[in-house]
Amino acid sequence: MINPFDNMNFEKRNFVSNSKYIKDDDIFISLNDGIKYLTQEDHNKLSLILIDSKFEQDNNPKILKINNLEENYLKWIDEIYGIQQSSFKNLFVTGTNGKSTTIELLSQAFSFNSISNSTIGTLGTYLNGNKYFSNNLTTEEPLFIRSVMRKCLQNNIKNIFFEASSIGLHQNRLKGLTVEHAVLTNISRDHLDYHKNFDEYLTSKLKLAKMNNLKTLSYNLDEEHFSKIDSVFKGEKIYSISNKHKKADIYFEIKEFQEDGRINFSAKTPWGDFDSSPKLHAKYNIYNLLLSLPYYHSVTSNCTEFFSAAEEMILPTGRLQKIPNENIFIDFAHTPDALDAVCSELNRKKCKGLKLVFGAGGDRDKGKRELMGSVAQKYAKKIYITSDNPRFEKPEEIIEMIAAGITDKEKIVIEPNRAEAISMAISELKKDEILLITGKGHEEYQIIENKKKPFSDYEEILKCIK
């Protein structure tokens, strides 16, 4: 089909399908009748609105009807932007936990070795380590991805690392992209408010492993839900990563956990044996690091540079982030499995006990709240239950559901005001105790009803320790 955008001088224009991202003079592509969500202010900003001819619309000089728009717009946009999908060597990472850390550590490995790269995920969109955009979604919509790819072309970036969320995979947001390299980190309960049950959630995650054009797939062999991954894999080469099975493609062994957070480990890989001591604080971050090694080798044919870079790596914001000169950590953990993992790792450190500040998001999977309470009781000597992002739920009701999982009520302190909970926990923190604040990590807001109000765990901590 002939591209109807030809001869319209659209090459330098910006296309958008998410009304939240509209800027002056943009062209809006209305998908699934998305035009109905536009405000008058949006209409005023836009220079043109493209809609599929199958939708009825009032006469508006800014509206242009196009036949078969929804079926073909991505192909046409690729042509306008000059995007050759096959020229990119992208990586797609999915899993319940570890996606952000995996792509961030990989980005640092590329940057350390002077290889241009971009990341798109929960922490935002970055070009060569510099913030480009603050995303609303972990896995963005196809048109947004094309706008980033155009920017990457302008900066000679051919390696983009994507977080692929279960919802993004279910909604086919990777449509039209060449998916040749993928990573599966782990699987545990999450997003059941959307997927309804765990099997549906798992099926969405495994869509990556089933793609026919995969050249490499790496996965955590120690994750029980991936035990039969070989039976669904249809690509060229699959790599298992393990700390338990010596016959794994990549097997690593922990030699020492240092008090400063460095982890001495050795790794046996198809490309040789290596030793490294990255400052990653937790064993699960060694999985996150090594899961990207097959992709790195496929691009560079060099593993020595990867492990040299590992020595200099730092964890991304809000991922087991240690406050300088304090026994205080911030982590994004917002699932039972993630909370268990981070608490377990911190308990390795020489301390007189772990204290915990956390809550749970409103209008999300309610079933995980009691489970998170049980995890907290397992590890923490004192538990400050507070508000997270309550949205349209009452914080007190969410807190009550969490507390239901804690039988030792003597451990519980309830403080719905998150700032007050953090302040109280810090004031009561004794020498050689560790304080962990989880749930929000990098976020700089609290969502109350449908409004984002400025709030940062990190900034609140700084106020308390000055």
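The values are calculated or read from the model by the stated rules, or taken from the named source; none is laboratory data. No experiment lies behind these values; they were computed from the predicted model shown. All Cβ positions, glycine included, derive from the backbone under ideal geometry; neighbour counts span all protein chains shown. For accessibility, only protein heavy atoms count, side chains too; no ligands or nucleic acids. Shrake-Rupley method; radii C 1.70, N 1.55, O 1.52, S 1.80 Å.
Only aspartates and glutamates eight or more places from Lys45 in sequence, or on another chain, were considered; those with a Cα closer than 17 Å are Asp24, Asp25, Asp26.
Ligands, DNA and RNA left out, the accessible area of the stretch 382-466 computed with a 1.4 Å probe is 49% carbon and sulfur. If both residues of a DSSP beta bridge must be in the chain, then about 35% of such bridges are antiparallel. In terms of its C-alpha gyration tensor, the stretch 105-195 has a prolate overall shape, because the principal axis ratio a/c (a ≥ b ≥ c, square roots of the eigenvalues) is not below 1.5 and a/b outweighs b/c. Where both bridge residues fall in the stretch 85-165, DSSP classifies roughly 55% of the beta bridges as antiparallel.
Electrostatic bookkeeping for Gly362 treats Lys and Arg as +1 and Asp and Glu as -1; over the other residues with beta carbon under 12 Å from its beta carbon, the sum is -3. Give the residue from Tyr284, Met372, Ile77 lying farthest towards the positive end of the charge dipole for the chain; charges sit on Cβ (+1 for Lys and Arg, -1 for Asp and Glu) and the dipole is referred to the Cα centre. Result: Tyr284.
Which values of log₁₀ I(q)/I(0), to two decimal places, follow from the Debye formula for the stretch 323-369 at q = 0.31 Å⁻¹ with a uniform point scatterer at every Cα? Treating every Cα as an identical point scatterer, log10 I(q)/I(0) equals -1.33.
Determine the shape class of the stretch 362-455: with a ≥ b ≥ c the square roots of the Cα gyration tensor eigenvalues, call it rounded for a/c under 1.5, and otherwise prolate if a/b is greater than b/c, oblate otherwise. The shape class here is oblate.
Is there a pair in Lys89/Lys205; Lys158/Lys247; Lys349/Lys453; Lys283/Lys352 whose C-alpha atoms are over 25 Å apart, and which pairs would that be?
Lys158/Lys247; Lys349/Lys453
Expressed to the nearest 5 percent, the antiparallel share of DSSP beta bridges inside the stretch 247-403 is 75 percent. A 1.4 Å probe run over the stretch 277-322, with the rest of the protein chains in place, finds 30 Å² accessible per residue.
Each 5 Å bin from zero holds the following percent of Cα-Cα pairs in the stretch 124-269: 2, 8, 15, 16, 17, 16, 14, 9, 2, 0.
Averaging 1/r over each pair of different alpha-carbon atoms in the stretch 163-242 and inverting the result gives 13.0 Å, the Kirkwood hydrodynamic radius.
Its alpha carbons give the stretch 184-327 an Rg and a Dmax of 16.5, 49 Å. In the chain, helical runs assigned H by DSSP with n ≥ 4 each contribute -39500 (n - 2.57); averaged across all residues and rounded to the nearest 500, the mean residue ellipticity at 222 nm is -8500 deg cm²/dmol. The local environment of Gly34, defined by Cβ-Cβ distances under 12 Å, has a net charge of -3 under the rule Lys, Arg +1 and Asp, Glu -1. Taking the convex hull of the alpha carbon positions in the stretch 298-393 and averaging its projected area over all directions gives 9.1 nm².
Select from the stretch 1-85 those GluC sites (Glu not before Pro) which occupy a DSSP coil region and have at most 12 other Cβ atoms within 10 Å, ordered by residue number. Here the GluC sites (Glu not before Pro) that fit, given the DSSP loop and packing criteria, are Glu11, Glu56.
Along its three principal directions, the equivalent ellipsoid of the stretch 416-457 from the Cα gyration tensor extends over semi-axes of 24, 11, 7 Å, largest first. When all alpha carbon pairs of the stretch 1-89 are counted in 5 Å bins from zero, the resulting P(r) reads 3, 13, 26, 25, 19, 10, 3, 1, 0 %. Rolling a 1.4 Å probe over the protein heavy atoms gives the stretch 59-159 an accessible area of 38 Å² per residue. Restricting to Cα pairs below 8 Å that are 6+ residues apart, what does the relative contact order work out to for the stretch 135-243? Please round to a whole percent. It rounds to 24 percent for the stretch 135-243. Is the C-alpha gyration tensor of the stretch 310-466 telling us rounded, prolate or oblate? Criteria: a/c under 1.5 is rounded; beyond that, a/b larger than b/c is prolate, otherwise oblate. It comes out rounded by the Cα gyration axes. The charge dipole of the chain, taken about the Cα centre with unit charges on the Cβ atoms of Lys, Arg (+1) and Asp, Glu (-1), comes to about 580 debye, rounded to the nearest 20. Solvent exposure of the stretch 356-411 amounts to 42 Å² per residue of accessible area, where only protein heavy atoms count and the probe is 1.4 Å. Near Trp76: Cβ cut-off under 13 Å, other residues only, Lys/Arg at +1 and Asp/Glu at -1. The net charge is -4.
Surface composition of the stretch 195-337: carbon and sulfur make up 43 percent of the accessible area, probe 1.4 Å. The chymotrypsin sites (Phe, Trp or Tyr not before Pro) of the stretch 391-456 that meet both conditions, a loop assignment by DSSP and at most 15 other Cβ atoms within 10 Å of the site Cβ, are Phe392.
Expressed as a whole percent, the accessible area of the stretch 107-179 that falls on carbon and sulfur atoms is 42 (1.4 Å probe).
Note that the stretch 152-209, at 20 °C in a medium of 1.002 mPa s, gets a Stokes-Einstein diffusion coefficient of 167 µm²/s from its Kirkwood radius over C-alpha pairs. Expressed per residue, the C-alpha convex hull volume of the stretch 232-307 stands at 94 Å³. The stretch between Lys409 and Arg262 holds 49.4 nm of extra length on full extension. This uses 0.36 nm per residue minus the Cα-Cα distance. Once both labels are positioned 7 Å from their Cα atoms along Cα-to-Cβ, the gap between Lys452 and Glu11 label points is 3.5 nm. About the centre of its Cα atoms, the stretch 212-294 shows a dipole size close to 240 debye [charges on the beta carbon of Lys, Arg (+1) and Asp, Glu (-1) only; nearest 20 debye]. The Kirkwood radius of the chain, taken over pairs of alpha-carbon atoms, gives through the Stokes-Einstein law at 10 °C and 1.306 mPa s a diffusion coefficient of 67 µm² s⁻¹.
If Cys152, Cys464 are ordered by their accessible area, calculated over protein heavy atoms with a 1.4 Å probe, which sequence runs from highest to lowest?
Cys464, Cys152
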